[in-house]
Structures are given as structure tokens and as C-alpha cells.
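Comments concern the structure below.
The values are calculated or read from the model by the stated rules, or taken from the named source; none is laboratory data. Just so you know, these numbers come straight off a predicted model, no measurement behind them. Reconstructed Cβ throughout: ideal geometry from the backbone, glycine too, with neighbour counts over all protein chains shown.
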């Protein structure tokens, strides 16, 4: 019986300090967290910007076919045939299926508001609208990834039936990849500054308690020569296209605990 009591007493002597230490540690941790919230002097904030140069890797161009006729069915048939030729040509130039997207298909009536007037008419009131035909505008957005193909593709569109070709826009297809690189650069700058401050000012920094982002500068797409069907240059006359580079910038805000 004595041995059991001795073991129980010994266990109590070991267990009680462990519980006390655990409670004190938990209380201290909560105290430090509360102190950081209440007392901003226990937190130091660093801000840095990361920059990455990126070259546009895709050219976007909108191609439209506009067809008019008195008969709506004829309009659709003619328009679809012309657009099919354009899409087939673009595919043969190496443009993938997922890089060709229809962004507009608009069939609308054409009205005449002057049909009731004569040369002797003195009234300026419009006539009741009268449908005289239909117009179909069909537009596709094409992404060209091989820049050597731009001149050849754009130069043939007019002869295939395109009525309107928008200006070419050069974009970075996956901007997030470059933004992540800029984030890493910004974080490296902050870590160096934190280490320098800790060394020179004798401040002991603890864990990072918050990371947020400030301004994210996404490059604006650059544009090349507004184009329309009558002005489309032929392939032989096309000049080299220089896309240049764009800056991708990300600002990081990091808060450190001061021990």
C-alpha cells in the first residue's frame, strides 16, 4: 500500500509542474499575441517591390466578316462560308483550336426611314421603319503565338473575305508566372532589410505575422498598327514587328514580430 501511495505522490510531483508549465506557456503565448495586437510597437512593417521584365508572348487580333442581303438566310450562308475559309486558313498557319474564339455573332435587320418620302415632300418626320434587308456581323478573336506568322496571316485576311481587322494587341498570356517571380524578389528584399536592421539596431525579430500585397502592376498590352480591310498590308510588304518588353511589378507588405 505504501508503494502505491509513493508512486501516486511521485506522479503528482511530476505531473503538476508539467501542467503548470503548459498553462504558463499558453498564457504567455496569448499574452504576446494580444500585446502585438494592442501594442503596435511590438510589430515592425517592411515594404518592398519586386520587378520582372517580360516579353509579350501572344498577339491577339479580332477578325470580322460583315455581310448584307435582303434575305436573312442568304446573309447567314454567305457570312458563314467566308468565316469558315478564314478559320481554316488560320488553323493551317499553326493556330490552335483553343486560340480561336467567336466573340460576336449579330444578325440584325436594316431599316429604311425614308421610303415614304418623295422629292416634293416637305415633311421632315421619319417614315415608319421598313425592313429592307439584314446584316450579319461575325467576329472571332485569334491568338497568334508564332510572331513570324503575323504578317502572313493578316496579309491574307482581306482576300478571304474579312471586312474588318482590329489592331493587333501584344500580351503576356500567363502574367501570374511573372507576378510570382516579382513576389519572390520583393520577399528577398524584405528579408535582407530585416536581417540588416536586426544586426545594426540590435532588434530581435520573430516570426512573420502577416503578409499582404499592395499595388500589382500588370502590363498594358501594346498595340501595333490599326488595321482595316482596305488597309491590310500584303505579306511581302510587312515589316518586322518589335514587341519590346513589359515590366511586371508586385508590392509586398510584411509584418514581423519584435521579440
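Considering each residue of the range 92-108 in turn, at least one proves to be under 25 Å from residue 70 (Cα atoms) and more than 28 Å from the chain's Cα centre (by Cα). The residue that is modelled with the highest pLDDT, among those in the range 206-222 that are more than 13 Å from residue 46 (Cα to Cα) and surrounded by 12 or more Cβ atoms within 10 Å (Cβ to Cβ), is 206.
Residue-by-condition table, conditions (1) closer than 30 Å to residue 42 by Cβ; (2) at pLDDT 90 or above; (3) surrounded by 18 or more Cβ atoms within 10 Å (Cβ to Cβ):
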site	(1), (2), (3)
146	no, yes, no
153	no, yes, yes
161	no, yes, yes
167	no, no, no
182	yes, yes, yes
192	yes, yes, no
197	yes, no, no
